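Report on the following structure.
The numbers here are math on the coordinates, done by the rules we state, and not lab data. Keep in mind that what you see is a predicted model, and the values were worked out from it rather than measured. Ideal geometry is used to build each Cβ from the backbone, glycine not excepted, and the neighbour counts take in all protein chains shown.
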C-alpha cells in the first residue's frame, strides 16, 4: 500500500489513484514497493538516510490527453507530480522526485519520433525518445543527419535539453536546449500550449523558427516546474563529408592562458566548430603523493608545477576538438589554427583521427570518441575506464561555469583541489569543456556511496565546492536535486529577486502547486518556508 | 507484448519504424560457436564477450561450446546493445550471459530493466582468479538463463582455485533474464 504524499489524506490519495488507473489502465499505474523503488536515485548522496526522496507511486501515460487528465486529477486531490522522460540523468538525481511522496509521471512510453525532415534538418519527438532511438532511426532510414548526443548516450533528447545538457558536435547543436525549436506543453492546470510558430495551427515552420510572436517563453520550461513538455522540436546537423579529430599539447602550466584565449577566438570565429576540451595529463595523473600534495595545497606555484611536469616528461595541457566539413576546408581550417597557436613555445599538433562519411557499422564501432561524431556511446562505463569501480556506487557532478580564461581555470583547480584535500579526498577535476563558445564547464565527479558516512563526507565537500566557487563567480550551471536550494542561493542578486520571480511565476502557472515541487528550489506558496 | 510486469522498463517501437540492423555473426563469435548444438537447452541465450579481457572471451568461448550464440564488443557495449541485444530483449524469450566489468553490467542491467529483465545470477570473479573459473562460471550463468527460460534449478555455488593474479579490474559473471525477483544476489 503506497504512503500518501504529505498533506494528502489516505482517502483522497486512494481516490486519486483509482482515477489515475482509469486514465492509464491498471497496467500502467505503479504502486507496489517493488515497482516504485525503480524510481529511486541510484546515485543519491542521501542513500538510505531519512532525507532521501522517494516516489509514492508512478503513472505511465502514452498520450497527451492522458497527461492532461493526470494533471487534472492531481489538481483535484492536491497530488504532487514529478515528470521524467527517460530518467537516466543519474548524476543529477535520476528519476527520483525532488519532493518525497510525489507521483512520478513516467513519460518513457511516449516515445514516438513524430517527424524527421532531412530537407529541413529538423525533428519532432516525444519525451521518451532516447538518443539511441533517434540514432538508430536515422541510420536505419539512411538519413544523412546527425544527432548531438549527451555522453553517456542512453538518455533522451528532450530530458537532456530541458535540463540544459550539452554534447560535442557543431555549435548550433551541442547546447541541447538552444538546439530545440518549438514545444508542446501541458501546463499544471492541464491546458495545452504550443510555443513559437506552433501556436499558429497552420504553421509549416514550427521546427524552423523559434520565436513566433510575443514573449518567447520556452526558457521557462527548462530546469523548471512550470509544465510537462510533451513534444519538442530539434535542429539536426547535416552529416559532413568528413571530420578530422585533432589535439594540441603545451608544456607549461601557464600556457593554458594563450591556449584558451586562442581557442576561444577561433570558436567564436567559427573556425573551430566543435566542442573543445582542455584537460591536463599532469593533473589528471595517478595518485602520486607529490601530485596529490601539489593539487591539494591550494596554491602551488607555476614553477613547482612545471618542475613536476618536466620530471614526468609529459605536457601540462592538452586541447582536443573536431573539424567537420569538406576535406579541403578542414585542411585550411587546421592550418589556420596552427598559425594562430604557433606562438606558444613547444606546442605540439596532432591529427588524432580522420573520417569520411558515411561510416559502416564496423567503422562506427571502431570510433574511439563516438560522441564527437554524434554517435551515442556507453564508453564512460567501459571496462577499462573505471577499474575497481563498483556499480553500487556512483557520483554526482559538480559543474562550475568559468569564463574561457586560463587564469580562471588555474585558480579554480587551486580552490577545488584544496577543498578536496581538506576533505581527505582526491580531486577529480576533468578539464575545461567548452560546450558553449564563451564559457567553460569544469566538471568534477564527486563520489557517492551506499553508506551514510561516505555520503556525509561527500555532501560536505560538495557544499563547500558550490559555495567556494559561487563566491568567486563560478556558479554551477546544473545541480543534483538534493542540492538545488544551495545551487539557487548562488544566484542571489538583490536579495534573491530571481528566485522570487521564479516563485511568482510558479504561483501564476501552477496555482495549486502540484508540479515538480521543490525542483530548482521553486516551491508552491503553501510549502514556502517548510522547504521539505 | 508489453505487459504490466515489463514496465518502467519497456520502450516500445517508434512510430516511424523498427530498427533493421543485422549482425555479422561470424565476426563476433570467439572461436567455437558456429556448428554448436542449436537444440541446446541453452537456446535462446546470447553470450557477450568484452574483447578487452581474455577472461571474458574465455567465458563466451565456454558458452559457445554449448551451442550458444555469442557477440563481442570492445569495452563500449552501446553498439552491441543497439544492434543486437535490445532487439533480442524486445522480442522476448531470451537471456543474456557474460563476464564483464561492473560498468558494463550496470549499463546492461539498467537498459534491460526497460524490457522487464533483471539480473538472476551474479558472481564476482575472484581477485586471484581460479583455475577454469571462467568456464565454470559460464556454465552456471547458462544454467541460470536456462532456468529462467525453461524452468529448472540453478546450479549450486561453486568453488574456485587460486591462480596467478590478473592485472584486471573486478569482473562479474552474470545472467540477465526475465523476472528480476529470482535474483539471489543483486548486481547493484
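Each residue in region A:24-41 was checked for being outside any helix (DSSP H, G or I) and within 31 Å of the chain's Cα centre (by Cα), and 6 of them qualify. Would you check if residue A:371 is more than 30 Å from residue B:122 (Cα to Cα) and part of a strand (DSSP E or B)? When the stated conditions are applied, residue A:371 does not pass them.
Return yes when residue A:300 is in contact with a helix residue (DSSP H, G or I) (Cβ under 6 Å, 6 or more places away or on another chain), farther than 30 Å from residue B:75 by Cα and either crowded, with 20+ Cβ neighbours inside 10 Å or more than 14 Å from chain B (Cβ to nearest Cβ) (or both) and no when it is not.
On the way: in contact with a helix residue (DSSP H, G or I) (Cβ under 6 Å, 6 or more places away or on another chain): yes; farther than 30 Å from residue B:75 by Cα: yes; either crowded, with 20+ Cβ neighbours inside 10 Å or more than 14 Å from chain B (Cβ to nearest Cβ) (or both): yes.
Against the criterion (in contact with a helix residue (DSSP H, G or I) (Cβ under 6 Å, 6 or more places away or on another chain), farther than 30 Å from residue B:75 by Cα and either crowded, with 20+ Cβ neighbours inside 10 Å or more than 14 Å from chain B (Cβ to nearest Cβ) (or both)), residue A:300 qualifies.
Residues of region A:137-150 that are under 26 Å from residue A:228 (Cβ atoms), within 11 Å of chain B (Cβ to nearest Cβ) and either outside any loop (DSSP other than H, G, I, E, B) or touching a strand residue (DSSP E or B) at 6+ places or on another chain (Cβ under 9 Å) (or both): A:137 alone.
Can you go through A:333, A:363 and tell me which one is assigned to a helix (DSSP H, G or I) and within 14 Å of another protein chain (Cβ to nearest Cβ)?
From the options A:333, A:363, the qualifying one is A:363.
Among the conditions (1) more than 14 Å from chain B (Cβ to nearest Cβ); (2) under 30 Å from residue A:51 (Cβ atoms), the only one that residue A:173 does not satisfy is (2). Out of A:10, A:34, A:49, A:21, one residue alone is more than 24 Å from residue A:186 (Cβ to Cβ), without any contact (Cβ under 8 Å) to a residue 40 or more places away in the chain and touching a helix residue (DSSP H, G or I) at 6+ places or on another chain (Cβ under 9 Å). It is A:34.
Consider region A:196-218. How many of its residues are in a loop (DSSP other than H, G, I, E, B) and either more than 25 Å from residue A:63 (Cβ to Cβ) or without any contact (Cβ under 8 Å) to a residue 24 or more places away in the chain (or both)? Spell out the reasoning first.
Applying the first criterion (in a loop (DSSP other than H, G, I, E, B)) to region A:196-218 yields A:200-217.
Those still in the list that are either more than 25 Å from residue A:63 (Cβ to Cβ) or without any contact (Cβ under 8 Å) to a residue 24 or more places away in the chain (or both) too: A:200-205, A:208-217.
Residues that pass the stated criteria total 16.
Please count how many residues of region A:100-109 are more than 9 Å from chain B (Cβ to nearest Cβ) and surrounded by fewer than 24 Cβ atoms within 10 Å (Cβ to Cβ).
At the first step, the residues of region A:100-109 found to be more than 9 Å from chain B (Cβ to nearest Cβ) are A:100-105, A:107.
Within this subset, residues satisfying the condition of being surrounded by fewer than 24 Cβ atoms within 10 Å (Cβ to Cβ) are A:100-101.
Residues meeting the conditions: 2.
Looking only at residues in region B:80-124 that are free of Cβ contacts under 8 Å to residues at least 24 places away in the same chain and surrounded by fewer than 23 Cβ atoms within 10 Å (Cβ to Cβ), which one is farthest from the other protein chains (Cβ to nearest Cβ)?
If we filter region B:80-124 for residues that are free of Cβ contacts under 8 Å to residues at least 24 places away in the same chain, which is where we start, we get B:91, B:103, B:110.
Right, trim to surrounded by fewer than 23 Cβ atoms within 10 Å (Cβ to Cβ) and you get B:91, B:110.
Numbers: B:91: 15, B:110: 7 Å.
Among them, the one singled out is B:91.
Show me the helices (runs of 4 or more DSSP H) found entirely inside region A:442-509 where at least 2 residues are within 26 Å of residue A:410 (Cβ to Cβ) and without any contact (Cβ under 8 Å) to a residue 60 or more places away in the chain. Even if it seems obvious, please write down each step before you answer.
Details: elements: A:452-471, A:484-489, A:493-509.
Answer list for region A:442-509: A:452-471, A:484-489.
A single entry from A:65, A:52, A:21 fulfils the requirement of being surrounded by fewer than 19 Cβ atoms within 10 Å (Cβ to Cβ) and more than 30 Å from the chain's Cα centre (by Cα): A:21.
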